[in-house]
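Quick notes on the structure that follows.
Rule-based calculations on the coordinates, nothing more; no lab input. Quick caveat, the model's predicted, so the values are computed rather than measured. FYI the Cβ positions are ideal-geometry reconstructions off the backbone, even for glycines, and counts take in every protein chain you see.
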């Protein structure tokens, strides 16, 4: 009888330990996968559990997408268009920021990311490019100000820098499905 009680106590302790350890392991995995986006999501939802569920759902959705690297010709074409957009910034910053936004969306679409709704785009991008999704948020916020004719030239410059960070990741992201990125010489970096 005493042995049975000891076994039951050990099993209960193991179950309690697992109940405590599994959420902590999940949290650590999500923090590693999403980096700064993890904390941004926690802050925006106000609830860690809800944020973790959201991030897990993003990862599940991402698994269903067919994200692919750009072929070399498309990558070169986009790099040239980016150079022209950056050059255009000097004389027409308002238009250049709009072009940068459009160019980022075109690269996303060609890579296989759904485009259309910014919030969903940022959620999808966050799975593979967590380190630069905050750049995308910042660029988008300034782009909205730009559309309302309320962005300063300095803000427009910052938007271009933010868009460039995401653009470089998307352009040279290598095989996003594996999480491997290759570093290449990106124009304007």
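Computed from Cα atoms, the angle from the helix 118-128 axis to the main principal axis of the chain rounds to 60 degrees.
When 125, 94 are arranged by Cβ crowding within 10 Å, least crowded first, meaning fewest neighbours, the order is 94, 125. Its relative contact order, with pairs defined as Cα atoms under 8 Å and 6+ residues apart, puts the range 72-178 at 31 percent. Ordering 160, 25, 108, 1 from the fewest to the most neighbouring beta carbons within 10 Å gives 1, 25, 108, 160.
Across all Cα pairs in the range 72-178, the calculated P(r) in 5 Å bins from zero up to the longest distance comes to 2, 13, 25, 25, 20, 11, 3, 1, 0 percent per bin. Please identify, among 24, 138, 168, the residue showing maximal mean-square fluctuation in a Gaussian network model of the chain using a 10 angstrom Cα cutoff. Greatest mean-square fluctuation among the candidates belongs to 24.
Set against the labelled values [x] 1.00; [y] 1.76; [z] 1.33, Cα Rg over 2.2 N^0.38 Å computed from this structure falls on [z].
At a 10 Å Cβ-Cβ cut-off, how would you order 145, 166, 4, fewest neighbours first?
Values: 145 16, 166 27, 4 8.
Fewest to most other Cβ atoms nearby, the residues stand as 4, 145, 166.
Report the Stokes-Einstein translational diffusion coefficient (µm² s⁻¹, integer) for the range 2-64, Rh taken as the Kirkwood radius over Cα pairs, at 10 °C with viscosity 1.306 mPa s. Kindly include the intermediate steps, with their values, before the conclusion.
On the way: Rh = 13.6 Å.
It diffuses with D of about 117 µm²/s by this estimate.
Placing pseudo-labels 7 Å out from each Cα toward the beta carbon at residue 20 and residue 150 gives an inter-label distance of 4.9 nm.
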